[in-house]
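The values are calculated or read from the model by the stated rules, or taken from the named source; none is laboratory data. In this text, all values refer to a predicted model and were calculated from it rather than measured experimentally. Here Cβ is always computed from backbone atoms with ideal geometry, including for glycine, and neighbour counts include all displayed protein chains. The accessibility values were calculated without ligands, DNA or RNA, using every heavy atom of the protein model including side chains. Shrake-Rupley method; radii C 1.70, N 1.55, O 1.52, S 1.80 Å.
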Amino acid sequence: MPATLALPDGRSLALDALPLVMGIVNVTPDSFSDGGLLASTEAAVAHGARLAAEGAAIVDIGGKSTRPGHAAVDAATEMARVLPVIAALKARVDVPISIDSYKAEVAEAALAAGAGIVNDVWGAQRDPRIAAVAAHAGAPIILMHNRETVDATLDIFDEVLRFLERSIAIAMQAGVPHSQIVVDPGIGFGKTARQNLDLIRHLDRLGALGCPVLLGASRKSTLGRITGRTVPAERLAASIAAHLYGASRGAAIIRAHDVAPHVDALKTWAAIEDSTKVDP
């Protein structure tokens, strides 16, 4: 779904035929995929700069793990991890930075430090004040579906659509324009492997919400179950396959750990879709 997101610094981010890649920077010791590798500010900033150089259109900074069984951290801890990274990375790269947090306090501080997008894994339903923070800053907000528990009997599409409808209503009531909202089905969050795959296969059904869709299946455990790859970092091929399928179903943003291979894969997919844009 073609759209343009307005950023707080006056720039804009076009979402068109070729999905954008959002690169992941986890500044946390217990991330499911790369826990501890980027725990220092220096390592996280260097990694974020590398992702931008590889073609990431957005760099997503998070300071708390959301993997199953993760240890909760307070806002102060989260801010101590992410704010120095955001400030330093903002000075080094020209691409927008998103803050991956569901806490309004963290999002507000991150936006003040230089972030331009709010990425909330609880869709403004864990801390609804975060929507007002995004609205006040003029920042786009990404609203993700999430669940505390897994229920294999759910009609997962009805569940995701109803949840995201509530999230959109919260955001708009707080002053976020509909044109500034992106939705995310939340692959791997409170869902069975089959539900995750069904959501990717029919991702276009989220078009009913009228918002661009972000897909983040990178290195997720469902891909490990399919491939037998128990080490998350070894799930690159599976991640690309899932994301290309999602691109064919309308994903506007792909959230990925491995940026360069995703950029190449998406360029190739787009060229096959429309070879007239390639030199003979």
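Before moving on, here are some points about what is shown:
- Qualifying residue in the range 249-262 (condition: without any contact (Cβ under 8 Å) to a residue 40 or more places away in the chain, among the aliphatic types (A, V, I, L, M) and farther than 14 Å from L215 by Cα): no
- Of all residues in the range 148-161, exactly one satisfies the criterion of being open to solvent by 80 Å² or more (accessible area, probe 1.4 Å) and within 20 Å of the chain's Cα centre (by Cα), namely E148.
- Checking each residue in the range 175-210 for being on the phi < 0 side of the Ramachandran plot, open to solvent by less than 40 Å² (accessible area, probe 1.4 Å) and small (G, A, S) picks out A193, G207.
- From the options L164, L143, residue that is within 19 Å of the chain's Cα centre (by Cα) and in a strand (DSSP E or B): L143
- Of the residues making up the range 225-264, those that are open to solvent by less than 30 Å² (accessible area, probe 1.4 Å), of a type outside the set (A, V, I, L, M) and under 20 Å from D198 (Cβ atoms) number 4.
- Scanning the range 134-147 for residues that are surrounded by 18 or more Cβ atoms within 10 Å (Cβ to Cβ) and not aliphatic (A, V, I, L, M) yields P140, H145, N146.
Every residue, every condition in (1) under 19 Å from V259 (Cβ atoms); (2) surrounded by fewer than 22 Cβ atoms within 10 Å (Cβ to Cβ), yes or no:
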site: G48; (1), (2): yes, no
site: A75; (1), (2): no, yes
site: A80; (1), (2): no, yes
site: L89; (1), (2): yes, no
site: D94; (1), (2): yes, yes
site: I97; (1), (2): yes, no
site: V118; (1), (2): no, no
site: A132; (1), (2): no, yes
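- Selection from the range 211-224 of residues that are in a helix (DSSP H, G or I) and either buried (at least 21 other Cβ atoms within 10 Å of the Cβ) or at pLDDT below 95 (or both): T222, L223
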